[in-house]
Amino acid sequence: MKLKSRHLLGLRGMPPEDIRLILDTAGSFREVLDRPIKKVPPLQGKTIANMFFENSTRTRLSFELAERRLSADVLGFQSGGSSVSKGESLKDTARNIEAMKVDMVVMRHWASGAPHYLSGVIEAAVINAGDGAHEHPTQALLDLFTIQEKFKKVEGLHICLVGDILHSRVARSNIYGLKSLGAKVSVCGPATMIPRGLEQLGVDVYHHLDDVIPSVDVLNVLRIQLERDAGRFFPSLREYHQTYGVTLRRLSRAERPVTIMHPGPINRDVELSADVADGEHSVILRQVLNGVAVRMAVLYLLATGN
């Protein structure tokens, strides 16, 4: 089997069979990561450029590690100190990098739609590593993989995304992926941080966390994006934590143990109390590990075509 697209730009409209193929392939690579020798040769001779126009730690390092685990040659690019700071356009930057015989570009950009634009001006395969407030497909895929690993299924589970939905590319990709695989999806946050018309995507909207906790299987807690001026959408971080912070006291009202996820970085004692973030039902570090396997799967499937 092979993916129907030669790029990974987002999960909106992606066929469920493509998502399942990525998750199944990630399962094979997850086993590789447990071996004493974690390197395999499928992408030997391939060159991958990581173009990051926004700050990143987890995603950038995860892609770099995935690429090296697959034996690819890795070309790193960060906009600070590059010709972009001298006024070079995105198109010219990418085409100059591609001229070095690059096979694939992994791109994070502050502008929504930038990876889609890039896929139209270069021949190399493009992977979206996060574009503005639009999508972050590999984060959603690793979230799906982690849920499936924990529950052995996604269909029929109730997953709630909590927090800054308005600015979250992670939320959008998760909604598309979860709905595609048959999950019940809810969002919860201040009314000022829930986009209008979100119900049209088939999700339930809550404004009180205590209303959704009793019936939920997974809480995927999102970071308050203060760098995007998200702080102006609620009175204070203290009040936000009191109303939407996930604490052990709140979780005690659940009908069953609730799995806790977070894409990181965590604002501790804002979105999550420390004892929840580090607690027995948290799979946050598992998400990080699974992210390498999922990105190996995406790179492998796009680079080899099968």
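Readers should treat all values here as calculations from the given coordinates under stated rules, not as data from a laboratory. Note that this is a predicted model, so its numbers are computed, not measured. Glycine gets a Cβ as well: all are built from the backbone with ideal geometry, and neighbour counts include every protein chain shown.
Side notes on the structure shown:
- Residue-span extension gain [Arg196 to Glu123] - 0.36 nm each, minus C-alpha spacing: 22.6 nm
- Alpha-carbon centroid distance for the pair the range 139-171 / the range 275-305, whole angstrom: 12
- Potential extension, Arg68-Glu31 segment - 0.36 nm per residue separation minus Cα distance: 11.7 nm
- All other residues whose Cβ lies under 14 angstrom from that of Glu31 are scored, Lys and Arg at +1 and Asp and Glu at -1, for a net of +2.
- Radius 11 Å from Cβ of Leu9, net charge of other residues (Lys, Arg +1; Asp, Glu -1): 0
- Cut-off 11 Å (backbone N to label point 7 Å along Cα→Cβ of Leu75), residues of the range 31-60: 47-51
- Rounded Å value of the spacing that divides the Cα centres of the range 31-68 and the range 94-132: 17
- Proximity of backbone amide H atoms, modeled 1.01 Å from N, is registered between Tyr206 and Val187, Cys188, Gly189 at under 5 Å, excluding neighbours fewer than 5 places apart on the same chain.
- Charge sum, other residues only, whose C-beta stays under 14 Å from Asp269's C-beta, Lys/Arg counted +1 and Asp/Glu -1: +1
- Among complete DSSP H helices in the chain, those whose alpha-carbon atoms stretch at least 20 Å along the helix's long axis and whose mean Kyte-Doolittle hydropathy reaches 1.0 are 284-304.
- Rounded to the nearest 20 debye, the dipole size of the chain about its Cα centre is 500 debye, using +1 on the Cβ of Lys and Arg and -1 on the Cβ of Asp and Glu.
- Scoring 279-288, 2-11 by mean Cβ neighbours within 10 Å over their residues and listing the highest first yields 2-11, 279-288.
- Of Lys152/Lys179; Lys4/Lys91; Lys46/Lys91; Lys153/Lys184, pairs whose Cα-Cα distance is over 19 Å: Lys4/Lys91; Lys46/Lys91
- Annotation: peptides 37-47, 56-66, 90-100, ranked by per-residue average of other Cβ atoms within 10 Å with the highest first, follow the order 56-66, 90-100, 37-47.
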